[in-house]
Amino acid sequence: MSDHDAYVPPRVWRWEQPSGGKFASINRPIAGPTHDQALPVGRHPLQLYSMGTPNGVKVTVMLEELLALGHTDAEYDAWLIRIGDGDQFGSGFVEVNPNSKIPALMDHTTHSPTRVFESGAILLYLAEKFGELLPSEHTARIEALNWLFWQMGSAPYLGGGFGHFYAYAPEKLEYPINRFAMEAKRQLNVLDRRLAKSRYLGGEAYTIADIANWAWYGQLALGRLYDAGEFLQVQEYRNVRRWAEEIDARPAVQRGRMVNRTFGEPEMQLHERHDAGDFETRTQDQLEAGS
């Protein structure tokens, strides 16, 4: 862009046109519901309203890991929230998450149903509720929480920054792509240095810190996000790759990655999950359509 064509911000910003790009329809400068839409409630104690994006995958992996550990009261219904259709702006969803972002969880085992929103908060809530995947020893617990909250603060630069401008923006702009690619690679280097010293992010034990980070950075290292593996040269981060591949091989992770997924390989999609048997009984129509 030449100096003559350079954008000059107005004195007062006004929302006069869509922001453009693949997800333009889900962005607006105000909160609150756009329509009345009650949320369904299934028969299990935990009701999840989500979609199989990285933030959604964190929670479904966590729930599948809890079930694998033998916590039968971690059974859950996973209802699909199609963010492209604006389901997250329905009145029922906004009551659970006023920020209108997936995932959102309702726990019906408490005296009054408990709402939990923000993926990191849900992971921490479930870890404390079931006493799993978060160490009780002080130093190990804090280290796991360090990396959990590192992910919550860092991933917006990967998703809303690099991912948006590299993969979804209506036009490719050199400055933001370069700026956020630099930050994405710096973050991968942060993780790579940590994982050179320990098997998992919190230490020698697999924790919610790994679940949270794997959903974003592990899948990036495995070439699953934004078709950007070659661009970011993810093979350089050997410790991240080792860690990502180890977690990816876990059966609970493989199941969790499928839940509420509506894109990619049809065999990796389970639009809604209401029972463990749903993984085996997905409809033929879904497998054929892959949507």
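The values are calculated or read from the model by the stated rules, or taken from the named source; none is laboratory data. Being a predicted model, the structure only gives us computed values, none of them experimental. Backbone-built Cβ (ideal geometry, glycine too); neighbour counts: all protein chains shown.
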Can you work out which of the residues in the range 59-79 that are out of contact with any Gly (no Cβ under 9 Å at 6 or more places or on another chain), part of a helix (DSSP H, G or I) and hydrophobic (A, V, I, L, M, F, W, C) is nearest to GLY92 (Cα to Cα)? ALA74
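Step by step: first the residues of the range 90-100, then only those that are out of contact with any Asp or Glu (no Cβ under 9 Å at 6 or more places or on another chain) and outside any helix (DSSP H, G or I), then the one that is surrounded by the most Cβ atoms within 10 Å (Cβ to Cβ). Which residue is that? Quick ask: steps written out before the conclusion?
Step one: of the range 90-100, the residues out of contact with any Asp or Glu (no Cβ under 9 Å at 6 or more places or on another chain) are 94-96, 98, 100.
Subsequent filtering for residues that are outside any helix (DSSP H, G or I) retains 98, 100.
On the way: PRO98: 14, SER100: 23.
Out of the qualifying residues, it is SER100.
On the basis of being modelled with pLDDT of 95 or more, closer than 18 Å to ILE208 by Cβ and of a type outside the set (Phe, Trp, Tyr), does LEU133 make the cut?
Numbers: modelled with pLDDT of 95 or more: yes; closer than 18 Å to ILE208 by Cβ: yes; of a type outside the set (Phe, Trp, Tyr): yes.
Yes; evaluated as a whole, the condition is true for this residue.
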Any residue in the range 215-235 that's within 21 Å of GLY56 (Cα to Cα): show its pairings with residues that are small (Gly, Ala, Ser) and assigned to a loop (DSSP other than H, G, I, E, B) at Cβ separation under 9 Å, as long as the two are six or more apart or on different chains. LEU220/ALA228; ARG224/GLY264
Starting from residues that are surrounded by fewer than 22 Cβ atoms within 10 Å (Cβ to Cβ) and among the small types (Gly, Ala, Ser), keep the ones in the range 59-81 and report whichever is nearest to LEU105 (Cα to Cα). ALA74
Limited to the range 96-125, what total is found for residues that are under 13 Å from ALA209 (Cα atoms) and aliphatic (A, V, I, L, M)? 4
Look through GLY56, GLY84 and report the one residue that is crowded, with 19+ Cβ neighbours inside 10 Å, of a type in the set (Gly, Ala, Ser), in a helix (DSSP H, G or I) and touching a residue at least 60 places away in the same chain (Cβ under 8 Å). GLY56
Taking the condition of being of a type in the set (D, E, K, R) and in contact with a helix residue (DSSP H, G or I) (Cβ under 8 Å, 6 or more places away or on another chain), how many residues in the range 194-221 meet it? 3
Quick check on this structure: which one of THR207, THR262, THR283 is more than 29 Å from LEU126 (Cα to Cα) and either of a type outside the set (A, V, I, L, M, F, W, C) or modelled with pLDDT of 95 or more (or both)? THR283
Go through the range 7-52 and give me each residue that's part of a loop (DSSP other than H, G, I, E, B), among the hydrophobic types (A, V, I, L, M, F, W, C) and at pLDDT below 85. PHE23
Output for the range 172-196, where each listed residue is more than 22 Å from ILE247 (Cβ to Cβ), in contact (Cβ under 8 Å) with a residue 12 or more places away in the chain and of a type outside the set (A, V, I, L, M): PRO176, ARG179, PHE180, GLU183
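Among what's in the range 116-132 and is exposed (fewer than 14 other Cβ atoms within 10 Å of the Cβ) and at negative phi, pick the residue that is nearest to the chain's Cα centre (by Cα). Give the steps one after another, and end with the answer.
Step one: filter the range 116-132 for residues exposed (fewer than 14 other Cβ atoms within 10 Å of the Cβ), giving 121, 128, 131.
Checking which are at negative phi leaves us with 121, 128.
Numbers: ALA121: 12, GLU128: 20 Å.
Once the filter is applied, the top-ranked residue is ALA121.
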Mind checking which pairs have a first residue in the range 155-167 that is touching a residue at least 24 places away in the same chain (Cβ under 8 Å) and a second that is among the aliphatic types (A, V, I, L, M) and part of a helix (DSSP H, G or I), Cβ under 6 Å, 6 or more apart or different chains? LEU158/ALA184; PHE162/ALA181; PHE162/ALA184; TYR166/ILE177
Which is touching a Gly at 6+ places or on another chain (Cβ under 6 Å) and either exposed (fewer than 15 other Cβ atoms within 10 Å of the Cβ) or within 29 Å of ASP192 (Cα to Cα) (or both), of PRO103, PRO135? PRO103
For the structure I just gave you, tell me whether THR139 is modelled with pLDDT of 95 or more, part of a loop (DSSP other than H, G, I, E, B) and at negative phi. no
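Would a scan of the range 145-165 turn up a residue that is within 24 Å of ALA209 (Cβ to Cβ) and either assigned to a loop (DSSP other than H, G, I, E, B) or of a type in the set (D, E, K, R) (or both)? Write out each step before concluding.
Here is the first cut: in the range 145-165, the ones within 24 Å of ALA209 (Cβ to Cβ) are 145-163.
Within this subset, residues satisfying the condition of being either assigned to a loop (DSSP other than H, G, I, E, B) or of a type in the set (D, E, K, R) (or both) are none.
No, that holds for no residue.
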